[in-house]
Amino acid sequence: MSDPMHRFEFDVISNRMNPDKHNDGRSVRPRFANFPFDPSAVPFFYGTVVLVCGTLGVLASAPGQTVGVSVFTDFLIEAHQLSRSWISFAYLSGTIGSALLISRAGRYYDRFGGRWVSAGSAAMLAIVLAAMSFSDEIARAVAVLLPENYRDGVSFSVLTLGFFAMRFFGQGMLTLSSRNMVLEWFEQRRGMALAFIGISIAFGFSITPACFEWLIQRGGWSWAWQTIAMLVGVFALVAICFARSRPEDHGMVPDGPFAKEDRKTHAETVSGRQFTLSEARRTYSFWVFTFSVVLSGLILTAFSFHVVSIFADAGMSRARAVAIFVPAACVSVVVEFVGGWLSDFVKLKYLAMVQSLGSLILALSLAFLGDNVSIVFVVLGMGLMQGMFGIISGVTWPRFYGRTHLGAISGFSTSIVVAGTAIGPYLFSVAHDQVGVYRPATLLCAVAAVVLIAASWRADRPA
């Protein structure tokens, strides 16, 4: 039986392949692959267009990310007459619920491709945002049909369902499909492609709260969500028209004319064995890299959620707390660019160590926050952690386990990461409620970071 990695024929000069065969042995070009035009007919490598579409897709997920949801928290508290604790618990419940489904939904990426999953996820996110803008009215309409003492329960249920859908379609499927779509089109230069996405996201997400706040001040929180929903819906149309799932669907190969046989990248960047999800889960490296991303996401989400309170405990103002994200974004841009370039030439385990080192620095600096020196380390830790987050969570799965089951494998990992981001704010809240400070939670994260740094030493690409 022939090796599946050799079931297609290359034209060495044009870097094109037989359009009737995929690199995993699957045949036939998907229906509507060339709607509304054939990307192979454009006079340049179409992967660059996919890179832009993928970047816009991740940016469009901002309303479903913590950085986007947190701006609306106080307005939801007032509109639904719920306490901050109940709003936080609704967010936790919705996020955990979405995490349970992302792994299974990742299989739809393998079946339908990034183009259609990205467009569909964006369309659904737009609908959910529009519905959330009327969440208080929906809750009241349902509550009138029930006894008075069910009012709070109805509001909680409506918000939990809304948060579930926002997190599932936004942070989950839209982010996963947009990023993976780009990874399909680049192999040797996968790190640089992710660096471009990461730099764009660092700047985009850093200004997201200010943009959302401007919309709220201009027309109210409901109008702001409706406006954002329209913008996300526009991206869904862009994805349908310009995004494409796989280069093989159009007779092309990853990297196109930029692919070079003699390019001196690390051996890990060359396509290897195509793992199934069950096979990937049985490897040591899968869990090391997954938990490295989980820890970063947990700390970052918890810090973002409680940033004002954390700085207040250290005797610092709200303005200083919010301002910390701008210099951290600048550091993460530099780290992302350098890390993206290095990822094509070094083993990923060294970059995972850098990510965990960033988690360690941030956790310790938050545990002993109190002066300008500690602020510098907060910025450094966040920059290292955020800069490596996109690289580790993106490059690892296609490089280590192939592209055949990329949606299932990355989806399973993403589900664990999403659950971790939900647990983070709650973990920090429990620590603060029990002892009055966040230090127990931050020190626990620091210990976990040390363990992951040590564990990363053996996290090579599976044979």
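The values are calculated or read from the model by the stated rules, or taken from the named source; none is laboratory data. Remember, it's a predicted structure, so these values are computed and weren't measured experimentally. A quick note on method: Cβ atoms are made from the backbone with ideal geometry, for glycine too, and the neighbour counts reach across all protein chains shown. SASA here: full protein model, heavy atoms, side chains in, ligands and nucleic acids out. Shrake-Rupley method; radii C 1.70, N 1.55, O 1.52, S 1.80 Å.
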Seminar exercise, completed: Spelling it out for Met252: with amide H atoms placed in the peptide plane at 1.01 Å from N, the residues 5 or more places away or on another chain with amide H under 5 Å from its amide H are Met17
Problem set entry | Paramagnetic reach from Val144 in the range 69-101 [backbone N under 19 Å; point 7 Å along Cα→Cβ] | 79-81
Exercise. Ranked from highest to lowest mean number of other Cβ atoms within 10 Å per residue, what is the order of the peptides 420-433, 219-232?
Worked result: 420-433, 219-232
For this session: Take the solvent-accessible surface of the protein heavy atoms, probe 1.4 Å, and return the percent of it on the chain that carbon and sulfur atoms account for.
Result: 67 percent
For this session: Pop the C-beta distance of Ala41 and Ala312 into the FRET formula with R0 = 60 Å and round what comes out to the nearest 0.05.
Result: 0.55
Exercise. Among the helices of the chain (complete DSSP H runs), which have Cα atoms covering no less than 30 Å along the helix axis and a Kyte-Doolittle mean of at least -0.5?
Worked result: 84-112, 190-219, 221-242, 284-313, 372-401, 406-435
Exercise. For the chain, what does -39500 (n - 2.57) per DSSP helix run (n ≥ 4), summed and divided by total residues, give at 222 nm, in deg cm²/dmol to the nearest 500?
Worked result: -23000 deg cm²/dmol
Exercise. Mind ordering 454-462, 343-351 by average Cβ neighbours within 10 Å, highest first?
Worked result: 343-351, 454-462
For this session: Identify, among Val42, Leu444, Ala459, the residue whose Cα sits farthest towards the positive end of the charge dipole of the chain, taking +1 on the Cβ of Lys and Arg and -1 on the Cβ of Asp and Glu, with the dipole about the Cα centre.
Result: Ala459
Exercise. Rolling a 1.4 angstrom probe over the protein heavy atoms, how many square angstrom per residue are accessible across the chain?
Worked result: 42 Å²
